[in-house]
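This report concerns only the one structure given below.
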Amino acid sequence: MAADKKKRKKSSLTPGEKRRLRQLMVCLILFGIVFLGRGVNLGPVSQFSSRVGALVRADTDFQAVFSQVGESFSRGEPAVETFRSLWSGLMEPEAPASAPAPDQETGPDSPDTAPQTAPEVPDAQIA
């Protein structure tokens, strides 16, 4: 009998037992996260969800945004600035036009009055 006790103490877990133990630990951790997460304030999540929903419903002209990116690369502008403009074009599609300051002149050739849009592409070229 003494020999049997020594054998049992020396034997370690088999690979299958180790896998099952890891699975049990993962399940217990996930259960704990779900159990504790029930009482979490979901205000920020709902705000994020509403913002994503607004972005999805927004009327974004993707062709114009990516056209501006292509023009920016062809002009040789830095990639960081180009990607910033891409991000702002996609995430803030309807940026309100700011009113010019009172000391600025607004004339027919003022850059504030000229709309910056992408060139029109005939329907025949759109695939």
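Remarks
- Förster radius 30 Å - calculated FRET efficiency between Val69 and Ser46, Cβ distance, rounded to 0.05: 0.40
- Taking the accessible area of the range 11-70, probe 1.4 Å, and keeping the other protein chains in place, the carbon and sulfur fraction comes to 68%.
The values are calculated or read from the model by the stated rules, or taken from the named source; none is laboratory data. Computed from a predicted model, the values in this text were never measured in an experiment. Heads up, the Cβs are rebuilt from the backbone with ideal geometry, glycines too, and the neighbour counts pull from every protein chain shown. Protein only, heavy atoms only, side chains kept; ligands, DNA and RNA dropped before computing areas. Shrake-Rupley method; radii C 1.70, N 1.55, O 1.52, S 1.80 Å.
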